[in-house]
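The values are calculated or read from the model by the stated rules, or taken from the named source; none is laboratory data. Here the structure is a predicted model, which means the values were calculated and not measured. Glycine gets a Cβ as well: all are built from the backbone with ideal geometry, and neighbour counts include every protein chain shown. Ligands, DNA and RNA are excluded from the accessible area calculation, which covers all protein heavy atoms including side chains. Shrake-Rupley method; radii C 1.70, N 1.55, O 1.52, S 1.80 Å.
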There are 2 protein chains.
Amino acid sequence: MNIQKLIDKGLKLKSYPKDSVIYEPGMQPRYVYFIKSGEIRMVTVSDEGKEFIQGVFKTGQYFGEPALLINRPYLAFTIANKDSQIIAVNKEDFFELIKNEPDFSMDLIRTLSNRLFYKSMMLEELASEKADHRLLTIINYLLNDVAVGENLKVTRQELADMTGLRVETVIRGTKTLAEKGLIRTIKGKIIKV
Amino acid sequence: MNIQKLIDKGLKLKSYPKDSVIYEPGMQPRYVYFIKSGEIRMVTVSDEGKEFIQGVFKTGQYFGEPALLINRPYLAFTIANKDSQIIAVNKEDFFELIKNEPDFSMDLIRTLSNRLFYKSMMLEELASEKADHRLLTIINYLLNDVAVGENLKVTRQELADMTGLRVETVIRGTKTLAEKGLIRTIKGKIIKV
DNA sequence: TTTTTAACATGATGTAGATCATAAATTAGT
DNA sequence: ACTAATTTATGATCTACATCATGTTAAAAA
């Protein structure tokens, strides 16, 4: 989706400083959020305060549609990872977009399919595989978007929050994977090979 | 989507006897499958042979689109839970459907959103919550489609395969939940109240 | 450069749930 | 109604990972 188009339509940009919350679980969805700049994480938090990263959204991407489309309260928090600029598109405008912009409609379908693929993959991991296997799976998944020789810009804590593991387990796990030669690390950094 | 329309278009119906496999992980997707009758389960199987139920699809529903749309090999098995009749719609016809039938396009978007909602919910559970909490969550989710007074037509093994738990854990867990009054059971059957 | 803060590291111990074993109760098939 | 096959049930033990504690290294901030 072309963000500029939305701005041209007169939709206003809103700024969210790092760590500010865009929406919370339980809120009734009213908008779909398009990211002009910045980065957003979508997280659920358990009763005991454990965070799970449901997804990370970057410049040019949008989030919050599923809850709006099926008209159910949000399950997750969305929080700015960096200072971000976001356009909130209301329900009517969003439905217009789907109806009148076939390209957007197709893009949405592909986007939802991609997220579904990721979640299916992670569900299988969390349901059936043990720590090291899980770890290797997200690491490889994340390495897809990394150039050869570059390193993963993700902390062990973030890996933990994406896999449902604990930091200590991730630290020990990456060590084991590196020893087994399943990943490459340099000074702790995980490198795409 | 109206299945009859697909039949009228000359697409042929194929029969799958109970327990037969429609597709397997690793296969390149070529069709989207519309269920005329019967029931299909989508499962992933770990290296150690543990099954995880990714979803169950019934008469009138379709499955297999995400992999086709993003052009990635299947992650899961799809297996007939009962004798089933299915129409396989090829890629071109499926894209036609999306382009030319705006109702279908919207239905697809809603369907994908619903599945995403379910998977986000389960991911949070598997990542962060303990056995009994997980159990209560799918039980309540499944009870949505059940009339008051009716019981859940799902075995403990199936609950286990949806939550990543073991049968014994599910058996002990449902007992605890019933004792705490969080669910109602009659002779082991879980009743919607 | 020094100080502060965040990230990584490692050992010791505890525990939820897996695993193993065995049996009772339902349900399905004949 | 009888037998076979599932499903539910329950106890005993085992284990992967969480939890707790404490330290080191690396990266920001001052």
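Can you say whether A:S120 is modelled with pLDDT of 95 or more, within 18 Å of B:I98 (Cα to Cα) and either open to solvent by 50 Å² or more (accessible area, probe 1.4 Å) or within 17 Å of the chain's Cα centre (by Cα) (or both), as far as the supplied structure shows? Judged against the criteria, A:S120 is not a match.
Selection of segment B:146-165 for residues being open to solvent by less than 60 Å² (accessible area, probe 1.4 Å), assigned to a helix (DSSP H, G or I) and farther than 22 Å from A:A76 by Cβ yields B:L159, B:A160, B:D161. Number of residues in segment A:168-193 that are within 27 Å of B:G164 (Cα to Cα), part of a helix (DSSP H, G or I) and either away from chain B (no Cβ under 14 Å) or more than 9 Å from DNA strand C (Cβ to nearest atom) (or both) equals 8. Being within 14 Å of another protein chain (Cβ to nearest Cβ), in a helix (DSSP H, G or I) and open to solvent by 10 Å² or more (accessible area, probe 1.4 Å) is true of A:M106. Do we have B:K187 as modelled with pLDDT under 95, near DNA strand D (Cβ under 9 Å from one of its atoms) and not β-branched (V, I, T) here? So B:K187 passes the test.
Could you look through segment A:166-187, keep only residues that are out of contact with any helix residue (DSSP H, G or I) (no Cβ under 8 Å at 6 or more places or on another chain) and small (G, A, S), and pick out the one that is surrounded by the most Cβ atoms within 10 Å (Cβ to Cβ)? Only one residue fits best here, namely A:A178.
If the requirement is being charged (D, E, K, R) and in contact with a Pro (Cβ under 7 Å, 6 or more places away or on another chain), which of these qualifies: B:D19, B:D83, B:D47?
Values: B:D19 fails: in contact with a Pro (Cβ under 7 Å, 6 or more places away or on another chain); B:D47 fails: in contact with a Pro (Cβ under 7 Å, 6 or more places away or on another chain).
The conditions single out B:D83.
Are any residues in segment A:47-58 under 11 Å from the mean Cα position of the chain (by Cα) and within 11 Å of chain B (Cβ to nearest Cβ), and if so, which ones? Scanning segment A:47-58 gives A:F52, A:I53, A:Q54, A:G55. If the condition is being within 16 Å of DNA strand D (Cβ to nearest atom) and either more than 23 Å from A:A160 (Cβ to Cβ) or of a type outside the set (K, R) (or both), then segment A:107-135 contributes A:M122, A:L123, A:E124, A:E125, A:L126, A:A127, A:S128, A:E129, A:A131, A:D132, A:H133, A:L135.
Check whether at least one residue in segment A:8-21 is loosely packed, with under 14 Cβ neighbours inside 10 Å and aliphatic (A, V, I, L, M), and report yes or no. Yes; the residues of segment A:8-21 include at least one that is loosely packed, with under 14 Cβ neighbours inside 10 Å and aliphatic (A, V, I, L, M). Filtered by the rule that a residue be touching a strand residue (DSSP E or B) at 6+ places or on another chain (Cβ under 9 Å), open to solvent by 30 Å² or more (accessible area, probe 1.4 Å) and of a type in the set (F, W, Y), segment B:64-103 gives a lone residue, B:F77. B:T44 passes all but one of (1) within 13 Å of another protein chain (Cβ to nearest Cβ); (2) assigned to a helix (DSSP H, G or I); which number fails? The failed condition is (2).
For segment A:127-145: of the residues being assigned to a loop (DSSP other than H, G, I, E, B) and away from DNA strand C (no atom under 15 Å from the Cβ), which is most open to solvent (accessible area, probe 1.4 Å)? Walk me through how you get there before you give the answer.
Pass one, segment A:127-145, residues assigned to a loop (DSSP other than H, G, I, E, B): A:129-130, A:144-145.
Filter once more, so that each one left must be away from DNA strand C (no atom under 15 Å from the Cβ): A:144-145.
Details: A:N144: 97, A:D145: 139 Å².
So, considering only residues that are assigned to a loop (DSSP other than H, G, I, E, B) and away from DNA strand C (no atom under 15 Å from the Cβ), the one most open to solvent (accessible area, probe 1.4 Å) is A:D145.
Restricting attention to segment A:59-98, the residues that are among the basic types (K, R) and at the interface with chain B (Cβ under 7 Å from one of its Cβ atoms) total 1.
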